[in-house]
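The values are calculated or read from the model by the stated rules, or taken from the named source; none is laboratory data. Every value quoted in this text rests on a predicted model; they were computed, and no experiment measured them. Note that we place each Cβ from the backbone using ideal geometry, even for glycine, and neighbour counts take in every protein chain shown. For accessibility, only protein heavy atoms count, side chains too; no ligands or nucleic acids. Shrake-Rupley method; radii C 1.70, N 1.55, O 1.52, S 1.80 Å.
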Amino acid sequence: MAFDIDMIKEVYASMAERVDKARELTGKPLTLSEKILYAHLWDGMPTKAFTRGKDYVDFAPDRIACQDATAQMALLQFMQAGKAKVAVPTTVHCDHLIQAKQGAAQDLKRANETSNEVFDFLGSVSNKYGIGFWKPGAGIIHQVVLENYAFPGGMMIGTDSHTVNAGGLGMVAIGVGGADAVDVMAGMAWELKFPKLIGVKLTGKLNGWTSAKDVILKVAGILTVKGGTGAIIEYFGEGAKNLSCTGKGTICNMGAEVGATTSTFGYDDSMERYLRATDRADIADAANKVREYLTGDDEVYANPEQYFDELIEINLDELRPHLNGPFTPDLATPVGQLGEKAKENGWPIKVDWGLIGSCTNSSYEDLTRAASIAKQAVDKKIKPKSDFGINPGSEQIRYTAERDGILKIFEDLDATVFTNACGPCIGQWDRSDLKGEEKNTIVHSFNRNFSKRADGNPNTHAFVGSPEMVAAIAISGRLDFDPMTDTLINENGEEVKLDEPNGLELPTQGFAVEDAGYVEPVVDGSNVEVVVSPTSERLQLLTPFEPIGDEIKGAKLLIKAFGKCTTDHISMAGPWLRYRGHLDNISNNMLIGAVNAFGKKTNFVKNQLTGEYQGVPDVARAYKAKGVYSIVVGDHNYGEGSSREHAAMEPRHLGVAAVIVKSFARIHETNLKKQGMLGLTFANESDYDLIQEDDTFNFLDLNEFAPDKALNVEVVHADGSKDVIKLNHSYNNSQIAWFNQGSALNLIKKQNA
């Protein structure tokens, strides 16, 4: 039986009435996304039609999911909110703090030894506040959510950008910063600008080497890493119905890479099959009673150009397999064209590793399709030229795959089966075959391939593909290998060709597991003690931020970031994950990956107080010690990538008053607002070029901070000359109140008091 079935039935009980009212108010048929949004309004029954991309709306999400790296800061904040229990069903999943090195057993044992303090903290906080806890090794948050918590027509938020994975089961599931999650845990509304809608019409049916992963790799090439910003991507059409539920999850998962608020599919037979296979027939039965409300209206899908802000059409019959990369997930190349492109760009052709798994592609179907290629290597006596690493998505997937002999196929190729955890996908990989910054190529079935992402090496060229294509490329050991046309030489000297992959949507014997890794919280947690040592280097109780105020004068430029500046550049993962619960310690990685526009170096900026060049955190701390605010300047899509709020909390902690950029990624802009600082955009993008290394900033009219009213800032240069630049913002009255109180959490505490 499903978790929280009564809550799910309540959602369905009110859905028809709310959706019918929304249809009446808007005067038109509704997309699935609109149905879910209008059915989850904080005030209940809709009373007005909202304008996409403009109106801020309060929502009531059904549940929250947190992964261990972000949960630490989220729960440290929640502990300050003055609540005895979370207001909505919430779970914590321990998947980020397990380093992939030797294999599942050794790696999990080592993680439990090195991160026991954090796991104990998360377990005790969960127990105290009524939060479901998934132990280390239980699985990757998004696969576990899909198997246990996601339900058609629901709304969920999660403290990880790939929360959107649950769209594969018909949810509107959105990645947020921890402060957003804290609002909802504390029983408050969750605010979101009503999204625009991008429709993707899928026709035909996948065939041969093409997989669901190739759909989103193609979409990423079309939309680019910021083309989905502020929008929900809704997939529909016969091609969508022809996809498996977990295939839909893969597509939605990687929608985070185009900046989309989330992605979703309408409820269909594949979702019903998946619900029943994962022991949730009760949800399937309940969903079937409101089936028409769990997908877009027929007229919308018949005439989509009238109802979506943007429309993309993809014929699955004609779609070719892709490998996207390197260094950005939107550089899309059909597999057969990659060799020539690699030679033109000087990308290493030799492939050192093939990595299969991650929250994007670790379902039973994914493993069986990849295993069908791996088995051919065994049967046809082809010795793989690359190393293999496998990350099963959950203990249920791992146990079932082991029972069915799937993992043994990989082990026969000397693959390393890592823990059911994120591992290399988030930089938790102790890679044994490379040291230093050697130029090399890897292929993986993950979602992101930013520089340094997997192994910390800026010269690792990572390419994203489907599990079966990763298997084929890794067996060949060459980036220019096209399994659809090329042959390989086996150990007998014979020329052999790989057959097309095949797999099973669901296990024929059903899923099985002995210990899924779930810990139910006690009913009354009032006597549960949560202990944080004052001398801990990994956990630190939070001190509320003081309001910045409306008199920002003499603020110094900290860094003018050049080019792409993702959350990985602002707050790296990898070895820094150990400090995710200690704000002061993790602040020592603030912006150390960002390229300084002056000198084009990383972690090397001018301290205007001394004239010396130092690391970014060192200069920020020097300014803070003297009571001087600092300013960060950035380019387009600043804060792209992960939902990690540390990328906002660290600058706030070290005295950054404002981040001024050409444009923001959605989650990061919200995170800055939540922490009580200024996230501003150049009204004239070319003003970015006016900013000089020794600049000082004086805000001229911050005392008049108001919605839809630009701010004016005087930029004073070293020679005494000045420029006054206009800065836009998207703050509404509630968000301005966060700024005035010092943070959103400060306001929550004040209201609760």
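Apart from one condition, Cys252 fits all of (1) over 22 Å from the mean Cα position of the chain (by Cα); (2) under 25 Å from Phe446 (Cα atoms); the exception is (1).
For the range 578-621, enumerate the residues that are open to solvent by less than 30 Å² (accessible area, probe 1.4 Å) and assigned to a helix (DSSP H, G or I). Matches in the range 578-621: Leu583, Ile586, Ser587, Asn589, Val616, Pro617, Val619, Ala620.
Of the residues Asn127, Asn165, Asn112, which single one is in contact with a strand residue (DSSP E or B) (Cβ under 9 Å, 6 or more places away or on another chain), touching a residue at least 12 places away in the same chain (Cβ under 8 Å), polar (S, T, N, Q) and surrounded by fewer than 24 Cβ atoms within 10 Å (Cβ to Cβ)? Result: Asn127 is the single residue among Asn127, Asn165, Asn112 that is in contact with a strand residue (DSSP E or B) (Cβ under 9 Å, 6 or more places away or on another chain), touching a residue at least 12 places away in the same chain (Cβ under 8 Å), polar (S, T, N, Q) and surrounded by fewer than 24 Cβ atoms within 10 Å (Cβ to Cβ). Taken as a whole, the structure places Ile349 among residues that are among the aliphatic types (A, V, I, L, M) and more than 20 Å from Glu500 (Cα to Cα). Can you pull out every residue in the range 530-549 that is of a type in the set (Gly, Ala, Ser) and either out of contact with any helix residue (DSSP H, G or I) (no Cβ under 7 Å at 6 or more places or on another chain) or open to solvent by 60 Å² or more (accessible area, probe 1.4 Å) (or both)? Once the filter is applied, which keeps residues that are of a type in the set (Gly, Ala, Ser) and either out of contact with any helix residue (DSSP H, G or I) (no Cβ under 7 Å at 6 or more places or on another chain) or open to solvent by 60 Å² or more (accessible area, probe 1.4 Å) (or both), the range 530-549 yields Ser533, Gly549. Cβ-Cβ under 8 Å, sequence separation 6+ or interchain: first residue in the range 202-219 and more than 17 Å from Gly266 (Cα to Cα) and in a helix (DSSP H, G or I), partner open to solvent by 10 Å² or more (accessible area, probe 1.4 Å) and basic (Lys, Arg). Which pairs? Correct list of pairs: Asp214/Arg320.
The single condition among (1) farther than 27 Å from Gly389 by Cβ; (2) open to solvent by 70 Å² or more (accessible area, probe 1.4 Å) that Glu500 does not meet is (1). Considering the range 649-738, the qualifying strands (runs of 3 or more DSSP E), each wholly inside and each with 1 or more residues that are open to solvent by 10 Å² or more (accessible area, probe 1.4 Å) and of a type in the set (Asp, Glu), run over 711-716, 722-728.
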